[in-house]
Amino acid sequence: MKGDRVEAVVDTGQGVQTFEIVATRAGRRIEVTTARGVVEVTEVTRGGTPVRTGRFMANRLIALVEHPAQEREDTRVEVTTRRRIGSGTRTSTGDG
């Protein structure tokens, strides 16, 4: 969606550098994939054609922050976190 953006903070060895990949036009989206120690952030068209790609070594990546676009100024993004608290032991009930 236009306005979606991903911010990548990378350790350069002499400090940190921030990169930003933005969905610049209507109908484009941002996809993030991780494979073989490389994180790839790609701006993709509706048809799936990559427009812009940033590749980062996973062990150098400090933070990857996804910023979803807001539909309107007064729209807020709701985030909920569900945590499971328990002893971690299972009990079985049944005939066997």
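Each value in this text was obtained by applying a stated rule to the coordinates, not by laboratory testing. The structure displayed is predicted, hence computed values, not measured ones. Here Cβ is always computed from backbone atoms with ideal geometry, including for glycine, and neighbour counts include all displayed protein chains.
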Q. Rg to Rh ratio, the range 5-67, alpha-carbon atoms and Kirkwood radius?
A. 1.00
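What does the charge count near Gln17 come to, summing +1 for each Lys or Arg and -1 for each Asp or Glu among other residues with Cβ under 13 Å from its Cβ?
-2
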Q.
Can you give me the distance in nm between label points at Thr18 and Ala35, each placed 7 Å from the Cα along the Cα-to-Cβ direction?
A. 3.0
